[in-house]
Amino acid sequence: MENGEVLDVVGLVAIYTDLELFNNRIGNNLESARVRLFLMKDRGFYKNLVMMPRIIRNIDSQLVIRNYYVRGLWGPVVFKLAFPLRKTNYVYDVRGDLEDEFKAVQSKPFNRTIYLSMENWGIKNARSITAVTSVLVKKVFGKMDRQVLVIPCCLNMASYKVNDIRTKTRQGIGFEESDEVFVYSGGLSYSAVSRYA
């Protein structure tokens, strides 16, 4: 590979605890889809925080990176540690309401303030921002003057074939074949639980 080589590829930097499990669950599928993997064994939070910038700098020295994508507040921190004097183009993807999550675990106000400040810093320095719902955009970005692209979580129903087990299960719990059934596999936010409990 030549320095500064431009490739039209998608890459993923990830930390794993069990490489075989990672590959069986997702790694093999990503590689077959031609996603380039840059993996690091989990060495604990602080060692990971030191090692990740090294990996990012190494990748950056070999490839021309057009866009970085981060989920959550630690990605921008890693980029700042990797390139302290350079502005990094990254897309900040918001997947949840951090403030709500800290309330749910009854985090200390000081810790909550630090993490929310880090999130705000990461968002303000992002080239662009994505979120999963317009409600989340209003909650997290309230007064910020930033445009946010909403990319909802989706499910490709063509991947799921209707079969006898499905039909029998639906009938067994009282649903008709024509009933629309929604299954939510996530968690409820602190504010949703306190409002509707």
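If the requirement is being within 17 Å of the chain's Cα centre (by Cα) and closer than 20 Å to ILE15 by Cα, which of these qualifies: VAL132, VAL70?
Step by step, each of VAL132, VAL70 is checked, and only VAL70 is within 17 Å of the chain's Cα centre (by Cα) and closer than 20 Å to ILE15 by Cα.
Go through the range 79-115 and report how many residues are among the β-branched types (Val, Ile, Thr) and farther than 21 Å from ARG66 by Cβ. Break it down into steps so the answer makes sense when it comes.
Initial filter on the range 79-115 (among the β-branched types (Val, Ile, Thr)): 88, 91, 94, 105, 113-114.
With the extra rule that they be farther than 21 Å from ARG66 by Cβ, the set shrinks to 94, 105, 113-114.
Number of matching residues: 4.
Quick one: count up the residues across the range 104-129 that are of a type in the set (Gly, Ala, Ser) and under 16 Å from the mean Cα position of the chain (by Cα).
Qualifying residue count for the region: 3.
Does the range 81-105 hold any residues that are farther than 28 Å from PRO152 by Cα and free of Cβ contacts under 8 Å to residues at least 12 places away in the same chain, and which are they?
PRO84, LEU85, ARG86
Among the residues of the range 124-140, which ones are among the hydrophobic types (A, V, I, L, M, F, W, C), touching a Phe, Trp or Tyr at 6+ places or on another chain (Cβ under 9 Å) and either within 14 Å of THR88 (Cβ to Cβ) or without any contact (Cβ under 8 Å) to a residue 24 or more places away in the chain (or both)?
Within the range 124-140, ALA126 is the sole residue that qualifies.
Give me a count of the residues in the range 148-197 that are assigned to a helix (DSSP H, G or I) and at pLDDT below 65. Even if it seems obvious, please write down each step before you answer.
Of the range 148-197, the ones assigned to a helix (DSSP H, G or I) are 157-159, 164-172, 190-196.
Applying the additional criterion that residues be at pLDDT below 65 yields 157, 190-196.
So the count comes out to 8.
How many residues does the range 121-133 contain that are surrounded by 15 or more Cβ atoms within 10 Å (Cβ to Cβ) and outside any loop (DSSP other than H, G, I, E, B)?
Residues flagged as surrounded by 15 or more Cβ atoms within 10 Å (Cβ to Cβ) and outside any loop (DSSP other than H, G, I, E, B) within the range 121-133 amount to 6.
For the range 72-87, which positions are out of contact with any Asp or Glu (no Cβ under 8 Å at 6 or more places or on another chain) and part of a helix (DSSP H, G or I)?
TRP74, GLY75, PRO76, VAL77, VAL78, PHE79, LYS80, LEU81
In the range 33-44, which residue that is loosely packed, with under 12 Cβ neighbours inside 10 Å and at pLDDT below 90 is farthest from ILE56 (Cα to Cα)?
Result: ALA33.
Given the options LEU116, LEU136, name the one that is surrounded by 12 or more Cβ atoms within 10 Å (Cβ to Cβ), of a type outside the set (S, T, N, Q) and at pLDDT below 85.
LEU136
The values are calculated or read from the model by the stated rules, or taken from the named source; none is laboratory data. Since the model is a prediction, treat every value here as computed from it, not as a measurement. Here Cβ is always computed from backbone atoms with ideal geometry, including for glycine, and neighbour counts include all displayed protein chains.
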